[in-house]
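The values are calculated or read from the model by the stated rules, or taken from the named source; none is laboratory data. The model shown is predicted, which means the values in this text are computed figures rather than measured ones. Cβ placement follows ideal geometry from the backbone for every residue including glycine, while neighbour counts extend to all protein chains displayed. The protein model used for the area step is the full one, side chains on, heavy atoms only, and it has no ligands, DNA or RNA in it. Shrake-Rupley method; radii C 1.70, N 1.55, O 1.52, S 1.80 Å.
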Amino acid sequence: MKLKSLVGRDIDLKQDRVDDLKMRLRGPVLIPGDVGYDESRTVWNAMIDKTPAMVARCLGVADVITCVQFAREHELLLCIKGGGHNIAGLATADGAMMLDMSFMRGVWVDKKKRVAHAQAGCLLGDVDCETQIHGLAAVLGFISLTGIAGLTLGGGFGYLTRRWGWTADTVMGMDVVTADARVVRASSDENSDLFWGLRGGGGNFGVVTGIDYQLYEVGPEVVGGLVAWPASEAPGVLDLYRNLAEEAPPELTLVTFMRPAPPAPWLAKDMHGKPIIAILACYSGNAEEGEKVVAPIKSFGKPIGDILARRPYAQLQRLLDGTQPKGRRYYWKSEYLAQIEPTLCERFIEHASTIPSPHSAVIFFQIGGALNHLNEEHSPAGNRDARYVLNIAGSWERAESDKTNIEWARKAWTDVKPFSTGGTYINFQTADEGSDRMEAALGKGLQRLAEIKTTWDPENVFRTNRNIKPL
Ligand SMILES: Cc1cc2nc3c(=O)[nH]c(=O)nc-3n(C[C@H](O)[C@H](O)[C@H](O)COP(=O)(O)OP(=O)(O)OC[C@H]3O[C@@H](n4cnc5c(N)ncnc54)[C@H](O)[C@@H]3O)c2cc1C
């Protein structure tokens, strides 16, 4: 079998070696042509089309250790797949040995301690589902099909970020298989340098097998959902958005976006495909209070659709899943903002009006709150001056439309970049973003991360990621 080495050399692995690996693992080993291989190989973004030489679908920590040992023995290039949602396709690599964590999806909730232990192959929805039984939630993202591992290791934000910080800020500990195939605990008491690095420095330091999340009282019922208007109302809606967001209590998170209306049943049929603006809101505190807080959104102008209502928190977490299917082509550009200026709103509207695909959007996510109050060094997710995330989110279906859609996103990005804090979210970076963007995402933390990398992975075994090189 032909594989790639860590440094890109071709390696011919004898069949008896592969058979030996199969004997040692509980989970299956897949090669091209095997049932399930393509499901593992492919990632959310169809722009990424890579072919690992083999996939080990790990069933537990012992399998992960065996795989790391095997990869080290044979100097194989290793890649790790969590939910496969990384837009740059960092979970997969040509000729690599892939560790597919998607069979490791257990979640255990300690209700008394308010901690959930989740295996690293979980999707966000797995954690929401198990924690909400107890009226508890972890700080996770907006789409329930995203992997917890990549999201948490890169920072992570969602409806609860304004109350408790980046997802990474709320992690209590992680279990990690290191480059020398040992299992270690990373927490504030044990291997605290590794723990710090993992909370924003990506998968650079080992294979994470489990994550302990601090849980908070949320729901089960919250006020959440969407209100939409025709794009002609955008100036007024954006004014409303800016004012409400600036005054919002931490329990309220507001997102606004412009895009062609999808064929959703809650939107008037004659509006499908036409440009709209919408506000997505979640009030994660008391529902009665939430209804009062979101009332100005519901009563603004003449909405063409309104599904902002009381609903289970776990349902809100799934509400947008259908808008981001696996297998479409995606290209994003993103910046952090400290505020939303009126001139930026004008550019937002202008670039929304030239969206070349029915699936693309321009989006403001509100994140300001708890994360701004933590010390810059609390975790490498950092960016403590960020209060909004601006995302130019290109999404389309056919390869022949790549150029038009990428050009649109890049043009819009160039135009809005002057409003950035200078920081950007590492987990929203596309494959063409280089080391300058790593610096923009991790800032001063990069030096400390490189030192941690040198201690824990001096040979850069874990390199199919936003790679931090050992010193
Ligand atoms: C539709 C969509 C919605 C999103 N929404 C949000 C959001 O609301 N909030 C937010 O913060 N982000 C969001 N993101 C971004 C998301 O955080 C990143 O895409 C993240 O990388 C996804 O994690 P994953 O496990 O699915 O990634 P993968 O593609 O599987 O992996 C990403 C990286 O993490 C590494 N990795 C994965 N598992 C492990 C492991 N167990 N140990 C070590 N390294 C590992 C991989 O090697 C790779 O380098 C969204 C992305 C998408 C596509």
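Look at (1) over 30 Å from GLY327 (Cβ atoms); (2) among the small types (Gly, Ala, Ser); (3) within 16 Å of the ligand (Cβ to nearest atom) and you find that GLY443 fails only one, number (3).
Of the residues making up segment 164-173, one or more are under 19 Å from MET101 (Cα atoms), more than 12 Å from the ligand (Cβ to nearest atom) and either open to solvent by 20 Å² or more (accessible area, probe 1.4 Å) or not in a loop (DSSP other than H, G, I, E, B) (or both). So is ALA91 open to solvent by less than 20 Å² (accessible area, probe 1.4 Å), among the hydrophobic types (A, V, I, L, M, F, W, C), part of a loop (DSSP other than H, G, I, E, B) and within 12 Å of the ligand (Cβ to nearest atom) or not? Yes, satisfied. When each of LYS22, LYS81, LYS14 is tested for being away from the ligand (no atom under 13 Å from the Cβ), touching a strand residue (DSSP E or B) at 6+ places or on another chain (Cβ under 7 Å) and among the basic types (Lys, Arg), the lone residue that passes is LYS22.
When the residues of segment 26-56 are filtered to those that are of a type in the set (Asp, Glu) and part of a loop (DSSP other than H, G, I, E, B), the one that is least open to solvent (accessible area, probe 1.4 Å) is ASP34. Where strands (runs of 3 or more DSSP E) sit wholly within segment 207-269, those with at least 1 residues that are over 24 Å from the mean Cα position of the chain (by Cα) occupy 221-230.
For THR354, the criteria (1) surrounded by fewer than 14 Cβ atoms within 10 Å (Cβ to Cβ); (2) β-branched (Val, Ile, Thr); (3) in a helix (DSSP H, G or I) hold in every case but one, which is (3).
Count of segment 376-398 residues, restricted to those that are of a type in the set (Gly, Ala, Ser) and either on the phi > 0 side of the Ramachandran plot or touching a Lys or Arg at 6+ places or on another chain (Cβ under 7 Å) (or both), is 4. Of all the residues in segment 11-55, those that are farther than 29 Å from THR323 by Cα and not β-branched (Val, Ile, Thr) number 22. Scanning segment 298-322 for residues that are more than 20 Å from HIS359 (Cα to Cα), part of a helix (DSSP H, G or I) and charged (D, E, K, R) yields a count of 1. Pairing each residue of segment 279-304 that is at positive phi with any residue that is open to solvent by 40 Å² or more (accessible area, probe 1.4 Å), provided the two are 6+ apart or on different chains, yields C-beta distances under 8 Å for GLY301/GLU233.
Screening ASP432 against (1) closer than 30 Å to ARG448 by Cβ; (2) open to solvent by less than 60 Å² (accessible area, probe 1.4 Å) leaves a single unmet condition, (2). For segment 174-206, filtered to residues that are charged (D, E, K, R) and not in a strand (DSSP E or B), the residue that is most open to solvent (accessible area, probe 1.4 Å) is ASP189. Considering segment 146-163, and only residues there that are assigned to a loop (DSSP other than H, G, I, E, B) and hydroxyl-bearing (Ser, Thr, Tyr), the residue that is surrounded by the fewest Cβ atoms within 10 Å (Cβ to Cβ) turns out to be THR146.
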